[in-house]
Amino acid sequence: MAVCIAVIAKENYPLYIRSIPAEQELKFHYTVHTSLDVVDEKVSAMGKALVDQRELYLGLLYPTEDYKVYGYVTNSKVKFVMVVDSSNTALRDNEIRSMFRKLHNSYTDVMCNPFYNPGDRIHSRAFDNMVTSMMVQVC
Amino acid sequence: MEPPEEPLRPVIYTMENKPIVTCAGDQNLFASVYPTLSQQLPREPMEWRRSYGRAPKMIHLESNFVQFKEELLPKEGNKALLTFPFLHIYWTECCDTEVYKATLKDDITKWQNVLKAHSSVDWLIVVVESDAKKKNKTNILPRTSIVDKIRNDFCNKQSDRCVVLCDPLKDSSRTQESWNAFLTKLRTLLLMSFTKNLGKFEDDMRTLREKRTEPGWSFCEYFMVQEELAFVFEMLQQFEDALVQYDELDALFSQYVVNFGAGDGANWLTFFCQSVKSWNGLILRKPIDMEKRELIQSQEATLLDLRSYLFSRQCTLLIFLQRPWEVSQRALELLHNCVQELKLLEVSVPPGALDCWVFLSCLEVLQRIEGCCDRAQIDSNISHTVGLWSYATEKLKSLGYLCGLVSENGPNSEDLNRTVDLLAGLGAERPETAKTAQSPYKKLKEALSSVEAFEKHYLDLSHATIEMYTSIGRIRSAKLVGKDLAEFYMRKKSPQKAEVYLQNALKNYVAEGWALPITHTRKQLAECQKHLGQIENYLQTSSLLASDTHLTEDERKHFCQEILNFANEQKESPGLKVVLSMHSFAQLKHLHFDPSNALVHVGGTLSIEITLLSQMPISVQVEQIAVSVHFSIEKNSYRKTAEWLTKHKTSNGIISFPNENSSVPFSRSSSPALELYEMYERSPSDNSLNTTGIICKNVHMLLRRQESSSSLEIPSGVTLEDGAHILKCSNVTLDPGVNKIIFRTQAKEPGTYTLRQMCTSVGQVQFVLPHIYPIVQYDVYSQDPQLKVEPLTDSLLAGIPQKVKFTVTTGYYTIKNGDSLQLSNADAMLILFHAENRAIIYSNTREKSSEASLMIQSSEKVTSVSLPMAPAYHMIEFELEVLSLPSTPTSGESDKLVNKEPQRKNKEKQKAGNCMVTLDQKVSIDCPWSIYSTIIALTFNIPFKATHSLLSAGKRKYIQVCVQNLSELGFQLSDSNLIDTGNSPDLQLVPLNTKCQKFVQYSAGEQSQAGGSKGIGG
């Protein structure tokens, strides 16, 4: 399904990033990092829109020849970025949205863990499993 | 709209097309009316109500009036809409019944029959009347009769199909009225015809589309049909509707491709799978690319042809709709999509062909947009176009690499062959752009022609892209393009140009903590710095890479070896020292002082154990590890005293250093935690609480500038301090992981020593930790030798032997053999000693170290106590017995002296109830460490208080002597008697107490000893 899923802190450093296949890891890191440009742009374009009315899903950040990069930003400005293979035409906007929602829920669980220090890298098996499930589903 | 290049080829110019209206009947009449008609018709809009719930539209109608010919009428099955006559008008100005009967009626009938034969029902008969004609022929019937006749003959039940136009060429209100009525009728009929004919067309089209699962169905055929509809909408200036037609075609085709990918192939699609032989990019300069359209019509189009044509039409319409930014956005999607579709359909594409196609297309789109927008508009919409710029740059780059244009030696023959093949696929430049100097075609051809030209074009594009990204704040994207550029420069062997791009990108990644990009960029930077001969920077980068866990073990070893090689090479030619930051080489983890209070006396040894975590992948032989120490003489001498030791520094002597960088190279969480303290401020007068608050004690750590942490990349920030005091440890092997290194130092000057820097030397390479934080200090103190004499009990009592403790604190003085204390004997105090006196020697920390016997010699004047040998900063303790002799009551004066004088003298020492008299005994002691004598004063309390009183009874006198014990000790009084010292013969003292009387007296009691005496007779 997704080939790369990343959680990025408010300050733009990665809290979690995983991709398949592993050989492309570096490329995905670059891709995700660059996509933050568009995230910033979209977030600032939203500006001071009413917080409760704001759409967390940012939609397609930018397409590349081989991948589509989607974004999502939580109210605390933590970003989720998902890279999907362009050839995977079965994935529509709605599926992406629901994947982000799942990711957000799982992330919230991680944050609720009293042993987790906000701002640290995420090392959670539950989160890992959830990400894995989103990555292999269709592939 | 450009003139047709080849007049023979049918060219569709939809914009110049207008719905066709045929004119039959009196051509001259029509010709006279035409100017007014064509001018007036579009003047007022008409509401067009649509079928299928589509929103009604206001539409300005125009028409192309042509002479009626039977050939114009579409034959059965002809789907052409553009050439479809929407309305047929018959013009006549006949007002003569005879003429009507003779010719006109037949003519109209014939016309009507032709229309009926083609089942065309959209017609109108116009009867033009003019007063002039009427006047000429006065014998005619009333004018209405002709119209009535026509209506009667032809318009059965449709009387509105015949209209009258009165004096069309006159300028009168009647004429105007008549025109208006006519035009309204005309417009209404035209729209009715549109609705009916387009509706029918759409229905047919839908039917055709529903047949798409049937075997013989052809997408190309269907394409032509739906495009016809698009043309008509475009003709009617309904660009939105026209665009919808193309978008539907687009979606339909896309769906087929997707289905094909899923294994559900349509036969017709296989044709699009033919290998790509031409990649000449999009053509957007003509509204309709007839060449491609014909290919589609003849079912010869490739996938790229179809996509190109479709997009060029969408582009044209979007530009009509003034949505150029949508063009750029759609273009990017299209290009990506085409690449994907070709992959999905497994179409064979020569290497580089798609790159050419994409490159040309990107530039074509950009030029098309530039052609229809002004500069300001373009500048404010960079975010829409920059994607295309970036894509073009990327494609040109990969073409350059493919064709061997990005190498030192230039392309080889294989590369050249490939280039020739690629250029062949471009074909000849199209005539539309032939005159444009900067056409995409020319650019590509030029770029591929030579190494230099490629460089020029590639740099132009890259710089433009970077600039655009930067201007809209997409810094990360700009850096990524910059990195590509750096790669290019590295390939071109000009590392000096590459460096700045790599540094900038690296700075960005480091600042945001992206580990993998950091590692990758750093590796590139290392190579660049190596080429540039920036030894110091290269080594610094190498050390960072050697400690980078994201690299493989081998890579790390390689970089570590690079440092070691350099270090060893330079050994022979000393002089060049390279100073690097230590944080990548090794991390200071802990520091352990022994003694743990980090306090040492002068001459003492201090050992410091340092735990270093070596981050190198292999063991490194280090020649020396040095810690430079800053020495300061503490102003506050208190710090140096031994007491300080116990009160402060209660830690176990271990200082831990925070992790500089854990697995996350730069996470904000590594900044120190808030150190908050409660704060109370009380009023000085009544101690009530004035204010409370919370104080952050490490504000300076938290609020410092962020950049300082990233400046570590620039090793020039590391400076080696010259310190006079340096702790050294030589020839150490640092294994990967934890190493413990012990420094020993002999304390010399008293003061505070602060550990400032740590420097590890490997050959000529020095790794320096510029600051040791938290602050690590140790103190050296010096102490003067001291003698302390104090009683063992609370107070000394005169008259009885008592123990006094002598404590010699040696301080810096070492007691040698033969050193002794010389006590000058005081008359009133005796020093008693036994043969066996022992002294105990304690170390500085109150640990017993040894015991020795004490030699005491006494002469008349001096008692000499020879001290046992003891090192500096030790203590010797021993006890001596002293006896203060109470002054012998030899004289009355001395009595006074004992009784009164000291009483007065020591008034202040007397406590309210108990009035013990004290006696100070001063002993002068000569100490071996000083030329001055130490005067020790020992205070002795006189335990007794004696009072006497003379009592009389008659002639007898009684003397009562009362002795009071004030001390805590019990005394036994014996043999008390009263002696007359005057030796007067008349006086006889008769003791009243029995001789053997013994009284034990207690301090608190006031038992009196009465002594009776016979008074002086007389």
message: Take the conditions polar (S, T, N, Q), modelled with pLDDT of 85 or more and more than 14 Å from B:TRP929 (Cβ to Cβ) and apply them to B:THR807. Does it pass?
response: yes
Of all residues in region B:509-525 being assigned to a helix (DSSP H, G or I), of a type outside the set (A, V, I, L, M, F, W, C) and facing another protein chain (nearest Cβ under 9 Å), the one that is farthest from A:GLY119 (Cα to Cα): B:HIS520
- request: Go through region B:920-933 and give me each residue that's part of a strand (DSSP E or B) and buried (at least 16 other Cβ atoms within 10 Å of the Cβ).
  value: B:GLN921, B:VAL923, B:ILE925, B:ASP926
field: Flag if B:LEU295 is free of Cβ contacts under 8 Å to residues at least 60 places away in the same chain, assigned to a helix (DSSP H, G or I) and either aliphatic (A, V, I, L, M) or within 24 Å of B:SER439 (Cα to Cα) (or both)
entry: yes
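This table checks each residue for (1) closer than 25 Å to B:VAL21 by Cβ; (2) in contact with a Leu (Cβ under 8 Å, 6 or more places away or on another chain).
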site: B:GLN176; (1), (2): yes, no
site: B:ASP204; (1), (2): yes, no
site: B:GLU210; (1), (2): no, no
site: B:GLU214; (1), (2): no, no
site: B:PHE239; (1), (2): yes, yes
site: B:ASP247; (1), (2): no, no
site: B:GLN255; (1), (2): no, no
site: B:PHE260; (1), (2): no, yes
- request: Within region B:322-377, track down each residue that is crowded, with 19+ Cβ neighbours inside 10 Å and either of a type in the set (Gly, Ala, Ser) or without any contact (Cβ under 8 Å) to a residue 12 or more places away in the chain (or both).
  value: B:SER328, B:ALA331, B:HIS336, B:GLN340, B:GLY352, B:ALA353, B:SER361
Lone qualifier among B:GLU536, B:GLU555 - being part of a helix (DSSP H, G or I), away from chain A (no Cβ under 14 Å) and either within 28 Å of B:GLN764 (Cα to Cα) or at pLDDT below 90 (or both): B:GLU536
- prompt: Picking from B:GLU394, B:GLU370, B:GLU364, B:GLU346, which residue would you name as being among the charged types (D, E, K, R) and on the phi > 0 side of the Ramachandran plot?
  reply: B:GLU346
- line: Condition set touching a helix residue (DSSP H, G or I) at 6+ places or on another chain (Cβ under 7 Å) and without any contact (Cβ under 8 Å) to a residue 40 or more places away in the chain, scope region B:378-420, selection surrounded by the fewest Cβ atoms within 10 Å (Cβ to Cβ): answer is B:ILE378
message: For the list (1) of a type outside the set (Asp, Glu); (2) touching a residue at least 24 places away in the same chain (Cβ under 8 Å); (3) more than 14 Å from chain A (Cβ to nearest Cβ), I need the number of the one condition that B:SER449 fails.
response: (2)
message: Cβ-Cβ distance below 9 Å, separation of 6 or more or different chains: which pairs start in region B:421-432 with a residue that is without any contact (Cβ under 8 Å) to a residue 24 or more places away in the chain and end on one that is of a type in the set (Lys, Arg)?
response: B:GLU429/B:LYS442; B:GLU429/B:LYS445
task: Run down B:LYS492, B:LYS497 and say which single residue is surrounded by fewer than 22 Cβ atoms within 10 Å (Cβ to Cβ), away from every other protein chain (no Cβ under 14 Å), in contact with a helix residue (DSSP H, G or I) (Cβ under 9 Å, 6 or more places away or on another chain) and modelled with pLDDT under 90.
output: B:LYS492
field: Residue in region B:622-645 that is modelled with the highest pLDDT, counting only those that are part of a loop (DSSP other than H, G, I, E, B) and surrounded by fewer than 11 Cβ atoms within 10 Å (Cβ to Cβ)
entry: B:ILE633
Tally of residues being small (Gly, Ala, Ser), within 11 Å of another protein chain (Cβ to nearest Cβ) and touching a residue at least 12 places away in the same chain (Cβ under 8 Å) across region B:452-484: 2
message: Condition first: away from chain A (no Cβ under 14 Å) and under 38 Å from the mean Cα position of the chain (by Cα). Now tell me which residues in region B:322-351 satisfy that.
response: B:ARG323, B:PRO324, B:TRP325, B:GLU326, B:VAL327
statement: Of the residues in region B:209-229 that are more than 22 Å from B:GLU341 (Cβ to Cβ) and touching a residue at least 60 places away in the same chain (Cβ under 8 Å), the one that is surrounded by the fewest Cβ atoms within 10 Å (Cβ to Cβ) is B:VAL225
- request: Please identify the pairs in which a residue from region B:37-54 that is under 27 Å from B:LYS200 (Cα atoms) has its Cβ atom under 6 Å from the Cβ atom of a residue that is of a type outside the set (A, V, I, L, M) and part of a helix (DSSP H, G or I), counting only partners at least 6 apart or on another chain.
  value: B:MET46/B:ARG187; B:SER51/B:GLY199
message: Restricting to region B:257-276, give me the number of residues that are within 12 Å of another protein chain (Cβ to nearest Cβ) and either aromatic (Phe, Trp, Tyr) or part of a helix (DSSP H, G or I) (or both).
response: 5
query: If you check B:PHE260, B:PHE271, which single one turns out to be farther than 22 Å from B:ALA434 by Cα, aromatic (Phe, Trp, Tyr) and free of Cβ contacts under 8 Å to residues at least 60 places away in the same chain?
result: B:PHE271
message: Return the residues of region B:934-959 that are of a type in the set (D, E, K, R) and not in a strand (DSSP E or B); say none if nothing qualifies.
response: B:LYS955
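The rows are residues; the columns are (1) of a type in the set (Ser, Thr, Tyr); (2) in contact with a Cys (Cβ under 9 Å, 6 or more places away or on another chain).
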residue: A:LEU61; (1), (2): no, no
residue: A:THR64; (1), (2): yes, no
residue: A:VAL69; (1), (2): no, yes
residue: A:SER76; (1), (2): yes, no
residue: A:ARG92; (1), (2): no, no
residue: A:PHE100; (1), (2): no, no
residue: A:THR108; (1), (2): yes, no
residue: A:HIS123; (1), (2): no, no
residue: A:MET134; (1), (2): no, no
message: Consider region B:960-1018. How many of its residues are in a loop (DSSP other than H, G, I, E, B), aliphatic (A, V, I, L, M), farther than 18 Å from B:HIS948 by Cα and at pLDDT below 75?
response: 1
Single condition B:PHE940 does not satisfy, out of (1) at pLDDT below 75; (2) surrounded by 14 or more Cβ atoms within 10 Å (Cβ to Cβ): (1)
statement: Exactly one of B:TRP279, B:TRP357 is within 14 Å of chain A (Cβ to nearest Cβ) and not aliphatic (A, V, I, L, M), and that residue is B:TRP357
message: With the requirement that a residue be part of a loop (DSSP other than H, G, I, E, B) and either more than 14 Å from chain B (Cβ to nearest Cβ) or without any contact (Cβ under 8 Å) to a residue 12 or more places away in the chain (or both), what does region A:106-138 give you?
response: A:ASN113, A:PRO114, A:PHE115, A:TYR116, A:ASN117, A:PRO118, A:HIS123, A:SER124, A:GLN137
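The values are calculated or read from the model by the stated rules, or taken from the named source; none is laboratory data. None of the values given here were measured: they were computed from a predicted structure. Neighbour counts run over all protein chains shown; Cβ positions are idealised from the backbone, glycine included.
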